[in-house]
Amino acid sequence: MQAKSLTVSASLKGLSGRTRVPGDKSISHRSLMLAALAHGRTHVYGLLEGEDVLRTADAMRALGATITQKDDVWVIDGRGVGELQEPSDVLDMGNSGTAARLLSGILSTHSIYTVMTGDASLRSRPMRRVMDPLSGNGAQFWAREGGRLPLSIRGTAEAKPLEYRLPIASAQVKSAILLAGLNAHGVTVVEEPIATRDHTENMFRHFGVSVDVSELEGNGRRIALKGPARLTARDVIVPGDPSSSAFPLVAALLIPGSDVLIENVGLNPLRTGLFTSLKEMGADLTIENERIEGGEPVGDLHVRASQLKGVDVPPERAPSMIDEYPILAVACAFAQGQSRLRGLEELRVKESDRLAATVALLEANGASTTVEGDDLIIHGFQTPLGGGEVKTHMDHRLAMSAIVMGLAAQKPVSVDDTAFIETSFPGFVDLMNGLGAGIQG
Ligand code: S3P
C-alpha cells in the first residue's frame, strides 16, 4: 500500500447531518466464510468492502467457493463443510488478524495443505494462540520464530473435537476453535472467562447449526457444538460497524456545535462498551429507532457535542470495546479530569502495539499520560492540544483516531500514513467531510 500522509486542522464548524458507516467487519468476514462452508447460495447485503474483507473473499475463492458481486449484493455459492479445495498458491490475508485466525480454524479440519501470509503488521502478530489449541485436533502447523506468519497448515479430515478454556478473552481464538469444530467428530467445547463478541455463535444458528451456550460464573460462557455439522445457505444483512461509528461519534462529541445522526449501527451488547463509557463521561448520546435486523440489534446513534469528564473503565469491559481504546483515549484527552482505562494487555498485539502507539499519539499532541501495568491513565485537558506528528504503524484505527484528534485540537495534527484506513473504513475522509469536517488532501 502506498503511504498517504495528511495534516488535519481543527474543523471550522460543528459536524452536522445524517450518515451511515460501512458494514460490520466481524460479521462481513464470517458471512463469507460461513457461506463458503454452506450448501446452496447465500446473498450478503451491506458487506464491508474494505481491504481486510476483500482478502477473505479472495481466500475463500482460492479454496473453491464461487463469489461474485452485483451492485452491492455479494453472492456466494458454497462447497459444504469438509469440501474446501487445496489452493494452488499462498493465501495473503493482508492486514487482517481476524481473517488469519478464523481461517486457521477452518483449514485445520480440512485435509488440505495451505500456506498463509500477510503484510508486515500481520506477520508480526502472534498465531500460537490458535496454533496451540488447534494442534490438539490432529492438524499440523509450521510457523516462523515466535509463531509468526507465514504459517503452513496440514489439516485433518479425522479431527478430534477440542475442549478448551481460553487463557485470554479473544473472540478470534474462540471462533477459530468453533469453526474447526464444524468438521470435527464429536462435541467441541470452548469456555471463555469473559464473554466476547458472539457473532460466530449467532451466525452458526442463522446457517442452521445448533450451538449450546450456557453462562459461567463471573460473566463467562461455555459454548458447545456437535460436529460434523451441515450449514444451509441463508441470506445475511450486515449492520453498520459500531467500531467504525466510534470515529464520527467521538468527533461530533468533541467539535463544538455538532449534531449528527449515525444510522443503522450494530448494537450487539458485546460490542457496545464504548457507548457505555462515553455516557459515563457525560456524552449527549442517545439511541433511536432500535430494532432487530438480520438477527442483530441495530439502531441510530444521535450525538451532540458535549463537555466530557474523566472515566474509569473496568477491565471486564475491555472485550466489548477492545478496538475502541485509541479513540476513547483521544476523547479522554479532551475531558475534564483524569481517566483510567484498565486491563489493556491485549492492545499490545493488535495491528500495532496499540497501547504504546496510543500513548505516543497523545503525548505528541500535548496530552499527559501514564502507563501503570496494563492500565492507561490520561490526565485530561490541561494544555492546548495538537501540533504533533503521529506514527500510525500500519494501523487503521490509529490513523482515524489521529484525524479526529486533529479535527478537535487547537493546533494541526500530522499523520504519517492514512492508507490503512482502507482496511476497515473505505471512504472515511469523504464521510467526515460530508458532515462538514473540512479535511484537506
Ligand atoms: C474480532 C475480534 C477482536 C477484534 C478484532 C475483530 C473478531 O479480536 O480486535 O478487530 O471479529 O472476532 P480479539 O478477539 O483477538 O480480541
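The values are calculated or read from the model by the stated rules, or taken from the named source; none is laboratory data. Just so it is clear, the model here is predicted, and its values are computed rather than measured. Positions of Cβ are backbone-derived with ideal geometry, glycine not excepted, and every protein chain shown enters the neighbour counts. Each accessible area value is taken on the protein alone, full model and side chains, heavy atoms only, with ligands, DNA and RNA left out. Shrake-Rupley method; radii C 1.70, N 1.55, O 1.52, S 1.80 Å.
Before moving on, here are some points about what is shown:
- Of all the residues in the range 316-360, those that are open to solvent by 10 Å² or more (accessible area, probe 1.4 Å), within 14 Å of the ligand (Cβ to nearest atom) and β-branched (Val, Ile, Thr) number 2.
- The residues in the range 360-405 that are part of a strand (DSSP E or B) and either outside the structural domain of ARG348 (by TED's automatic domain parsing) or under 18 Å from VAL313 (Cβ atoms) (or both) can be counted, and the count is 8.
- Given (1) within 14 Å of the ligand (Cβ to nearest atom); (2) open to solvent by less than 20 Å² (accessible area, probe 1.4 Å); (3) not aromatic (Phe, Trp, Tyr), index of the condition VAL209 fails: (1)
- Residues of the range 182-193 that are outside any strand (DSSP E or B) and farther than 13 Å from ARG222 by Cβ: LEU182, ASN183, ALA184, HIS185.
Matching residues to (1) in contact with a His (Cβ under 7 Å, 6 or more places away or on another chain); (2) at positive phi; (3) in a strand (DSSP E or B):
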| residue | (1), (2), (3) |
| --- | --- |
| LYS226 | no, no, yes |
| ARG234 | yes, no, no |
| SER245 | no, no, no |
| LEU249 | no, no, no |
| LEU253 | no, no, no |
| LEU261 | yes, no, yes |
| ASN264 | no, yes, yes |
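- Sole exception among (1) among the β-branched types (Val, Ile, Thr); (2) within 29 Å of GLY78 (Cβ to Cβ); (3) open to solvent by 20 Å² or more (accessible area, probe 1.4 Å) for THR196, by number: (3)
- Filter pass, GLY220 being more than 14 Å from the ligand (Cβ to nearest atom), in contact with a Ser or Thr (Cβ under 6 Å, 6 or more places away or on another chain) and not assigned by TED's automatic domain parsing to the domain that holds GLY273: no
- Sole exception among (1) open to solvent by less than 30 Å² (accessible area, probe 1.4 Å); (2) of a type outside the set (A, V, I, L, M, F, W, C); (3) assigned to a loop (DSSP other than H, G, I, E, B) for PRO426, by number: (1)
- Selection count, the range 7-24, where residues are within 22 Å of ASP395 (Cβ to Cβ) and open to solvent by 20 Å² or more (accessible area, probe 1.4 Å): 2
- Some residue of the range 271-278 being crowded, with 22+ Cβ neighbours inside 10 Å and more than 26 Å from ALA409 (Cβ to Cβ): yes
- Selection within the range 166-185 - in contact with a Lys or Arg (Cβ under 9 Å, 6 or more places away or on another chain) and open to solvent by 20 Å² or more (accessible area, probe 1.4 Å): PRO167, ILE168, GLN172, HIS185
- Qualifying helices (runs of 4 or more DSSP H) (wholly inside the range 62-181; at least 2 residues being more than 16 Å from the ligand (Cβ to nearest atom) and more than 20 Å from the chain's Cα centre (by Cα)): 97-108
- If you filter the range 25-50 down to residues that are crowded, with 21+ Cβ neighbours inside 10 Å and among the charged types (D, E, K, R), you find that the one that is nearest to the chain's Cα centre (by Cα) is LYS25.
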